[in-house]
Amino acid sequence: MEISSSSNIITIKGNIKALSHYNAIKGEIDNIINDFSHVKIQILESISITSSIIGYLCNIAKQGVNIEMHVQDEGLIDLLDDLNLVSLFNVRKI
Amino acid sequence: MDSYIADISKTLTILCVEDDKDILEIYKSLFSLVFKKVYFATNGVEGFACFEKENIDIVLTDYQMPKCNGIQMSKKIREIDSSIPIIMVTALESIEMLREAIDIHVTSFLKKPFTSASLFSTFNLAVKSVIVDRCMVKEQREKILYSNYQEDLTFSKEKTITKNDTEKNNRLFDFRCEVQYKPKDILSGDSYVIRKLNNDEYLVFLVDGMGKGISASVTAMLCSAFVNYYIDQHLREKRICSLKSLLNAVVDFVKPNLLEYEVISAHFLYFNKKKNELQYAIFSMPPVLYMLDSENVLKIKSNNTPLASYTKEFHIHTLDISKLSKMIIYSDGLNENLVDNSDIMYNSYLSEDFKKAKNMEEFELLKNKKITKQEDDVTYVLITSSL
């Protein structure tokens, strides 16, 4: 997995699976939300997302951070829909 | 030799390899009283044969011998045993010989001619090395035993907490109810409870703690234990146990026990035979798949976000199950497992396999054709009409 960020946008390439991915994504978003109340997460390629990341995103959404998730993979969008997270994370198809 | 070393030496065996019969006689007289057993060989070939056959703790070998010298024999011994102390006796001080000896980790050297004092001083070191080796092996063995004991106990605890009232006859009303509970590690992040509330009602509860490892497992077990406690209490007091009251109690109970970023995914399914309905509250779990009287596989999606320390409200919905023919309730370890040699999740095949399978055995056969490597804890409850 590769992660990069610019302003309040983070872009994730590759599959999100390992604990190290959670740490990397959390680190990037923590930095962004120090300065912004809106974070845009672009997920390219990944077909799933770990529960640790879901837990973290739910928490920051609860704290008032506006999350926008742009997802490329149809399967992942369906998965987020099945989990009732589309609305909370403002999921959109790329 | 101090008394501790002397006591340990009496439990050890030594192999002496020496072509000079006079020196062998000296070894015999010196070592017979010191070691448990002394083996003798007159060249490297005999020495290695003896090493292979007997249980040797220390090797003492001459360097220069006919047929096979001390270095050649030691090389063969090292292929079998990388740590046994080897003491090499030599009159030579050839750099090449020393280099070879160092390469094969010869423990000590004794230069001929040697005194009994230098001989025993060298043996002290060799015996100490055996003691350290034995202590390490013993410690490792104890660690493995303790770890196995803990794992067995933990799994028993998990099985005790995951109560299933349909286990004896696999029946949930007129349906067949089968459960697959397959933790990836001993500590499972999944747990489940299936309870008969009365003749008309059953609860199916399946929980998946966030992340992996001990924290997820503790949370999942806490939830299951609480659900069981809550139901047992209501059954004992003959009180009505509604889904709403159970959810309120679980949320109240679990909230203070969660970490800041921790969330729980869970299925709460209340089956009511009299009303022919299923009440459900699903917190970010994979969808429940079900079939009515047609060939279509339908799904019930989560109607709640994950349970967290800040959860204040939840939704309960109702489904008509008067025509229900089968249903599968599962954790994400099932649908998110990658199919062998691909980047495709089993989710793509799950619906079709569920549709084809008449029972758990058939479902497992279909699933195992696609998945041979389990990546996460897998739990599913399969409800079918074929008894």
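The values are calculated or read from the model by the stated rules, or taken from the named source; none is laboratory data. Everything quoted here is computed from the prediction, not taken from an experiment. Using ideal geometry, Cβ is built from the backbone for each residue, glycine included, and neighbour counts are taken over all protein chains shown.
Give the stretch B:291-310 a look and list any residue that's within 14 Å of another protein chain (Cβ to nearest Cβ) and under 19 Å from B:S351 (Cβ atoms), or say none.
Residues of the stretch B:291-310 within 14 Å of another protein chain (Cβ to nearest Cβ): B:297-310.
Answer for the stretch B:291-310, where residues must be within 14 Å of another protein chain (Cβ to nearest Cβ) and under 19 Å from B:S351 (Cβ atoms): B:V297, B:L298, B:K299, B:I300, B:K301, B:S302.
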Could you check B:Y310 against (1) aromatic (F, W, Y); (2) exposed (fewer than 14 other Cβ atoms within 10 Å of the Cβ); (3) farther than 30 Å from A:Q63 by Cβ and say which number it fails? (3)
When the stretch B:340-365 is checked residue by residue, the ones that are under 30 Å from the mean Cα position of the chain (by Cα) and surrounded by fewer than 18 Cβ atoms within 10 Å (Cβ to Cβ) are B:D340, B:N341, B:S342, B:D343, B:I344, B:S348, B:Y349, B:N359, B:E361, B:E362, B:E364, B:L365
Could you tell me whether any residue of the stretch B:239-246 is within 26 Å of B:S188 (Cα to Cα), in a strand (DSSP E or B) and either modelled with pLDDT of 95 or more or more than 10 Å from every other protein chain (Cβ to nearest Cβ) (or both)? no
Look at the stretch B:292-331 and say how many of its residues are in a strand (DSSP E or B) and under 37 Å from the mean Cα position of the chain (by Cα). 12
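Just to be sure before I move on: is B:E18 of a type in the set (D, E) and either within 18 Å of B:V130 (Cβ to Cβ) or surrounded by fewer than 19 Cβ atoms within 10 Å (Cβ to Cβ) (or both) in the structure I sent?
Details: of a type in the set (D, E): yes; either within 18 Å of B:V130 (Cβ to Cβ) or surrounded by fewer than 19 Cβ atoms within 10 Å (Cβ to Cβ) (or both): no.
No, not satisfied.
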Where in the stretch B:1-98 are there helices (runs of 4 or more DSSP H), lying wholly inside it, with at least 3 residues that are in contact with a strand residue (DSSP E or B) (Cβ under 7 Å, 6 or more places away or on another chain)? B:21-31, B:44-53, B:70-80
If we scan the stretch B:261-280, do we find a residue that is surrounded by fewer than 19 Cβ atoms within 10 Å (Cβ to Cβ) and within 30 Å of B:D152 (Cα to Cα)? no
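Among B:I5, B:I14, which is the only one that is farther than 30 Å from B:K67 by Cα and either touching an Asp or Glu at 6+ places or on another chain (Cβ under 7 Å) or hydrophobic (A, V, I, L, M, F, W, C) (or both)? Outline the logic, then answer.
Values: B:I14 fails: farther than 30 Å from B:K67 by Cα.
Selected residue: B:I5, the only one of B:I5, B:I14 that is farther than 30 Å from B:K67 by Cα and either touching an Asp or Glu at 6+ places or on another chain (Cβ under 7 Å) or hydrophobic (A, V, I, L, M, F, W, C) (or both).
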Can you confirm whether the stretch A:48-62 contains a residue that is touching a residue at least 24 places away in the same chain (Cβ under 8 Å), more than 21 Å from B:P286 (Cβ to Cβ), surrounded by 14 or more Cβ atoms within 10 Å (Cβ to Cβ) and more than 14 Å from chain B (Cβ to nearest Cβ)? no
Restricting the stretch A:63-78 to residues that are closer than 18 Å to A:K13 by Cβ and of a type in the set (A, V, I, L, M, F, W, C), which is nearest to the other protein chains (Cβ to nearest Cβ)? A:L76
Which count do you get for residues in the stretch B:342-387 that are within 20 Å of B:I321 (Cα to Cα), in a helix (DSSP H, G or I) and out of contact with any helix residue (DSSP H, G or I) (no Cβ under 9 Å at 6 or more places or on another chain)? 2
